[in-house]
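Here it is, the structure, as structure tokens.
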Amino acid sequence: MRRVHSGFGERPLLGRDLPRRRFLGQSLLGLGALFVPRGLIGCSDEDGGEKRVKRSNFRNIGPLGPPDANGVRVAEGFTARIVARAGQRPVDSSEFLWHGAPDGGATYPTDDGGWIYVSNSESLEGGGASALRFDAEARVTAAYRILEGTLINCAGGPTPWGTWLSGEEHPNGRMHECDPWGSEAAIARPALGVFKHEAAAVDPVRQHVYLTEDESDGRFYRFVPENLTRGRYADLSSGRLEVAIVAEDGSVTWAGVPSPEGGADNPTRMQVPNSTPFRGGEGIWYHAGVVYFTTKSDNRVWAYHIAKASLSVFYDASTHAEPILTGVDNVMVSPAGDVLVAEDGGDMQIVALLPDGTARAIVQVTGHEGSEITGPALSPSGDRLYFSSQRTEAGNFFGSGITYELMGPFLL
């Protein structure tokens, strides 16, 4: 029986033992009991429950050294390697070619001591998502598609029940729920809204899904499922899509979106006139009762405190004379609470924002003009960080891209 990691925990994955009709009729792979892996999850959340904590080492990373042979700058004690190139075979024994324009990603442990890294393709020429499978020695042993037939799959997010949510970034875009193992066909989830999707994050306590929208006046959404699966996870087939209304004091109320599947003809962001616009929603991640998300046009990282229903600015580049972090985009949070933000442009870095707000550059890619860093995801053990440079060839927006692995002591 395999176990899956979503950034929130590990649990037995029972999906393969179910009849297909019954399996697909519920939230994809959404059965089983939550099991927290020893030494992986960070501090306890607002609802209690003590969890073993790994200490962060991000404060001690740096400075970055000169570029290595692949143009990657890393700090002392860290090494980087390329694990996949667009249009090339990640595994010599397979004809499968890695996708172009790699974007959002996440990792999932496997029962043989290895793990899987999933990656979206923000491409008009194929789109979808693919996966790399690693063995316990970090060798790439397989590569395969987990979603196809979609377009401009930008970000998304992992779920507590071990699936991957992949969002399409166009006005008629939908969220698709994918099996990281590639054994089951992906399922479209229009109940999560039809709009220019960016990323998604699941509150594992309440089973609510938070969503960002990549528009200059995009909204911050919440999906409340109508039902839970037998494993007490969100059933994404039906529910209530809500949009945030933020008061001057930061307090947030939620209003129902009348027609979640409105798409380009009836944009969700226009259906509740007093809902709050955000300047280009990007990455989003849940950690310990807080939902962090980024907005690219004003270079901000926001923090929504669920229990208090309040929103505040966690990072604002305009308040720094010489900001380390600009071009905020994909985001993830380490088990120890470090907010890792990938830059779209900027200095092509991944920057860690520590819990006290201190910024620390942890890796940089050089020589890729016009590209962006995407898909940051720590391995289940926390000693490897996966990410991509989306466009590595001038004039080849959709067909290029490189996916990297950075190895070192992120957590102690």
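The values are calculated or read from the model by the stated rules, or taken from the named source; none is laboratory data. Just so you know, these numbers come straight off a predicted model, no measurement behind them. Glycine gets a Cβ as well: all are built from the backbone with ideal geometry, and neighbour counts include every protein chain shown. Heavy atoms of the whole protein, side chains included, go into the accessibility calculation; ligands, DNA and RNA do not. Shrake-Rupley method; radii C 1.70, N 1.55, O 1.52, S 1.80 Å.
Where the centroid of each part is defined by its Cα atoms, how far is region 163-238 from region 340-362 in Å?
If we compute the Cα centre of each part, the gap is 26 Å.
Mind listing the phi-derived Karplus ³J(HN,Hα) values for region 287-304, rounded to whole Hz, using 6.51, -1.76 and 1.60 with θ = phi - 60°, and x for any glycine or proline?
My calculation for region 287-304 gives 7, 6, x, 10, 9, 9, 8, 10, 10, 6, 6, 10, 6, 10, 10, 9, 10, 9 Hz in order.
Considering amide H positions built from the backbone, and no H for Pro or chain starts, which residues 5 or more places from residue 239, or on another chain, come under 5 Å of its amide H?
226
Which percent of the accessible area of region 105-217 is formed by carbon and sulfur heavy atoms (probe 1.4 angstrom)? Before the final figure, lay out the partial values.
Details: 1300 of 2830 Å².
Carbon plus sulfur share of accessible area: 46 percent.
How would you order 186-192, 261-267 from highest to lowest mean count of nearby Cβ atoms within 10 Å?
Packing proxy ranking, top to bottom: 186-192, 261-267.
Could you work out what % of the accessible surface of region 303-384 is carbon and sulfur, using a 1.4 angstrom probe and leaving DNA, RNA and ligands out of the count? Please report the intermediate quantities before stating the final value.
On the way: 1270 of 2680 Å².
Answer for region 303-384 is 48 percent, counting heavy atoms of protein chains only.
Peptides 155-162, 276-283, 121-128: what's the order by average Cβ count within 10 Å, highest mean first?
On the way: 155-162: 28.9, 276-283: 23.1, 121-128: 21.2.
Peptide ranking by packing, descending: 155-162, 276-283, 121-128.
Moving on to the next point. Return the ratio Rg/(2.2 N^0.38 Å) for region 327-394, where Rg is computed over Cα atoms only. Walk me through the numbers on the way to the answer.
Numbers: Rg = 11.9 Å, N = 68, 2.2 N^0.38 = 10.9 Å.
The reported ratio for this selection is 1.08.
Once you sort the root eigenvalues of the Cα gyration tensor of the chain as a ≥ b ≥ c, which label holds: rounded (a/c under 1.5), prolate (a/b larger than b/c) or oblate (the other case)? Don't jump to the answer; show the numbers that get you there.
Details: a/c = 1.26, a/b = 1.11, b/c = 1.14.
In terms of gyration-tensor shape, rounded.
Count the lysine pairs in the chain whose Cα atoms lie under 30 Å apart, taking only pairs 8 or more positions apart in sequence or on different chains.
Values: 51/308; 54/308; 196/296; 196/308; 296/308.
So the count of such lysine pairs works out to 5.
Could you give me the percent of Cα pairs per 10 Å distance bin for region 149-190, shortest bin first, beginning at zero and ending with the bin that holds the maximum distance?
31, 58, 11
Could you state, as a whole-number percent, how many of the C-alpha pairs of region 122-227 are farther apart than 19 Å?
Details: 2432 of 5565 pairs.
Beyond 19 Å sits 44 percent of the P(r) for region 122-227.
Using only the Cα atoms of region 271-412, each taken as one equal point scatterer with no solvent, compute I(q) by the Debye sum, divide by I(0), and report log10 of the ratio at q = 0.11, 0.12, 0.14, 0.17 Å⁻¹.
Cα-only, vacuum Debye calculation for region 271-412: -0.42, -0.50, -0.67, -0.95.
May I pose another question? Using θ = phi - 60° and the Karplus curve 6.51 cos²θ - 1.76 cosθ + 1.60, what whole-Hz ³J(HN,Hα) does each residue of region 102-118 get, with Gly and Pro shown as x?
Couplings: x, 10, x, x, 7, 10, 9, x, 10, 6, 9, x, x, 6, 10, 10, 9 Hz.
First select every other residue whose beta carbon is under 14 angstrom from the beta carbon of residue 58; then total the charges, Lys and Arg +1, Asp and Glu -1. Write down the numbers at each step before the final one.
Numbers: positive: 54, 55, 59, 360; negative: 338, 356, 383.
Net charge around residue 58: +1.
Whole-Hz ³J(HN,Hα) for each residue in region 318-329, computed from phi via Karplus 6.51 cos²θ - 1.76 cosθ + 1.60 with θ = phi - 60°, x for glycine and proline: what do you get?
With the stated coefficients, region 318-329 comes to 5, 8, 10, 5, 10, x, 6, 10, 9, x, 4, 8 Hz.
Which of the peptides 136-142, 217-223, 349-355 is most tightly packed, and how do the rest follow, judged by the mean count of other Cβ atoms within 10 Å per residue? Could you put the intermediate results ahead of the total?
Values: 136-142: 14.0, 217-223: 24.0, 349-355: 22.0.
So the order, starting with the most tightly packed, is 217-223, 349-355, 136-142.
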